[in-house]
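A.B. asks: Handing you this structure, nothing more for now.
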Ligand SMILES: Cc1cc2nc3c(=O)[nH]c(=O)nc-3n(C[C@H](O)[C@H](O)[C@H](O)COP(=O)(O)OP(=O)(O)OC[C@H]3O[C@@H](n4cnc5c(N)ncnc54)[C@H](O)[C@@H]3O)c2cc1C
């Protein structure tokens with residue numbers, strides 16, 4: 001079959017590679033001039049800036065991906081495990097360095113709350129079970145029919161997965177110490193919802209982070225994209241850049257052609273990995289949409305982000321590779337993201353300095369800094385607002401580091417809602433798609449297949465299994481499986 005994949009993020013690349021591997025003729029149409037979607041890269045004044053993801057978790061998912069095609073991760077990039085995994089900065093600039101490995105983490109927790117080593121071990125034992133069932137079984141369900149979940153084993157598993165309990169109450173059965181709670185709740189924030197609204201099943205994230213480790217691909221996160229692009233091309237996928245899809249034309253309930261800014265394309269099957277809402281709202285005619293505007297408005301979106309990419313002409317001793325500034329009240333910030341969306345009054349933020357691990361991404365003697373403030377989607381986004389927040393967080397960063405940094409910034413670029421919209425056609429300027437709340441899990445997510453257009457499929461972070469690099473990659477493989485099964 002001739003297959004068109006719209007978009008070259010992780011989901012699009014995975015879908016295209018898998019379909020080409022099955023013998024189909026696959027082209028990717030990508031609007032931007034670089035592949036990788038939210039994980040693009042740019043180069044400026046000797047710095048290499050990863051634009052999106054910076055945390056490499058669940059190495060098994062990547063290893064299995066390359067192994068599916070008879071390859072190894074190390075054929076494409078080299079991974080190093082970070083130790084400490086990251087630092088957490090609390091009120092008063094108290095810093096906790098999270099060591100790599102559960103033994104040392106157990107020691108750390110015991111020093112913070114007597115008896116917590118044993119509780120941590122029990123928590124991790126349960127989290128391992130959830131990871132095994134969740135990542136090896138649940139996330140591989142295309143979630144198109146309830147029947148996929150009707151097996152005695154799966155139903156038994158569901159009862160042990162704590163699907164109906166919140167992560168927040170689950171974790172409080174193990175620990176009382178506020179600092180431990182903050183540390184344990186951090187991985188949950190990756191799912192784009194608060195611990196109160198996230199099913200306890202997602203303690204699998206703690207297992208992923210604490211047992212399996214925080215890794216870094218030398219050269220930067222975009223090395224993953226480069227690896228996936230090479231593999232896709234080895235399989236015969238043609239990646240056409242600067243091809244902005246403007247319309248999907250439908251005739252007799254089938255896609256008849258895909259119209260771009262630069263030519264028209266025909267195919268037997270179309271897989272749309274661009275933001276789901278954009279495909280429905282802007283590319284398809286109204287009568288072919290799976291969901292109307294009311295449906296989308298009711299979705300709980302994961303946060304957007306205000307980002308700063310900074311080139312600094314000196315090294316900053318105090319920072320580690322990953323630094324989480326939890327020095328303000330998380331509840332207030334979460335309220336301003338989810339309940340009463342507005343620019344945060346006292347934001348938490350994340351500072352990444354990958355040049356701590358990798359000399360190749362900054363000129364000698366310089367630091368490559370990436371700052372991220374999670375913010376509500378769909379906010380007013382102006383230069384003045386961005387600048388205001390730049391100074392708010394730089395003030396805190398400088399105080400923590402004990403030195404002036406702003407005067408040493410030789411390159412600065414900001415990125416927020418408007419950029420997510422113009423670069424990725426992101427619904428409400430979202431960064432990470434849909435939040436993983438209980439009501440937006442599996443069958444309750446936007447479906448992988450068009451209900452009205454026979455040869456149109458969807459993939460990516462707005463459908464199953466959800467946001468994040470490993471889930472997006474799995475989403476691509478899932479949709480390829482569905483195409484192969486049905487067409
Ligand atoms: C700032 C940030 C930090 C993150 N940090 C992490 C992290 O540390 N770890 C982690 O695991 N995940 C992280 N994520 C999430 C992760 O990056 C995403 O979930 C994942 O990259 C999404 O992949 P995707 O294929 O679904 O979508 P995308 O990457 O958005 O790919 C969709 C593609 O479709 C293209 N497209 C859109 N419209 C059209 C059109 N009309 N025509 C042609 N092409 C089109 C876009 O240009 C894009 O290339 C982060 C995301 C962001 C934004």
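A.B. asks: Mind checking the angle between helix 178-189 and the chain's longest principal axis? C-alpha axes, 0 to 90 degrees, to the nearest 10.
C.D. replies: Helix 178-189 sits roughly 20 degrees off the main axis of the chain.
A.B. asks: Separate question: I need the peptides 79-86, 276-283 ranked by packing, meaning the mean over residues of other C-beta atoms within 10 angstrom, with the highest value on top. The partial results should precede the final answer.
C.D. replies: On the way: 79-86: 17.4, 276-283: 21.4.
Listed from highest to lowest mean packing, they are 276-283, 79-86.
A.B. asks: Roughly what % antiparallel, to the nearest 5, for the DSSP beta bridges in the chain?
C.D. replies: Given both bridge residues lie in the chain, the antiparallel proportion sits at roughly 70 percent.
A.B. asks: Consider just the alpha-carbon atoms of segment 223-294 and return their Rg together with their Dmax, both in angstrom.
C.D. replies: Just the Cα atoms of segment 223-294 yield Rg and Dmax of 14.3, 43 Å.
A.B. asks: With axes computed from alpha carbons, what is the tilt in degrees of helix 102-112 against the longest principal axis of the chain, rounded to the nearest 10 within 0 to 90?
C.D. replies: Roughly 50 degrees, rounded to the nearest 10.
A.B. asks: Just to confirm my numbers, what's the Cα centroid distance between segment 9-69 and segment 307-328 in Å?
C.D. replies: Each part reduced to its Cα centre gives a spacing of 26 Å.
A.B. asks: Another one. What do you get for the angle between helix 469-486 and the principal long axis of the chain? Use alpha-carbon atoms, 0 to 90 degrees, nearest ten.
C.D. replies: Its long axis makes an angle of about 20 degrees.
A.B. asks: Something else now. Which value results for Rg/Rh of segment 104-212 when Rg is the Cα radius of gyration and Rh the Kirkwood radius based on the inverse mean 1/r? Walk me through the intermediate numbers first.
C.D. replies: On the way: Rg = 14.6 Å, Rh = 14.5 Å.
Ratio of gyration radius to Kirkwood radius for segment 104-212: 1.00.
A.B. asks: Return the FRET efficiency for the residue pair residue 153, residue 342: r is the Cβ-Cβ distance, R0 is 41 Å, and the value is rounded to the nearest 0.05. Kindly include the intermediate steps, with their values, before the conclusion.
C.D. replies: Values: r = 46 Å, r/R0 = 1.11.
Calculated transfer efficiency: 0.35.
A.B. asks: Just how many % of Cα pairs in the chain lie over 43 Å apart, if you round to the nearest whole percent?
C.D. replies: Numbers: 14033 of 118341 pairs.
Value for the chain: 12 percent of Cα pairs lie more than 43 Å apart.
The numbers here are math on the coordinates, done by the rules we state, and not lab data. Nothing here was measured: the structure is a model prediction, and the numbers come from that model. Counting neighbours? That spans all protein chains shown, and the Cβs are built from the backbone with ideal geometry, glycine included.
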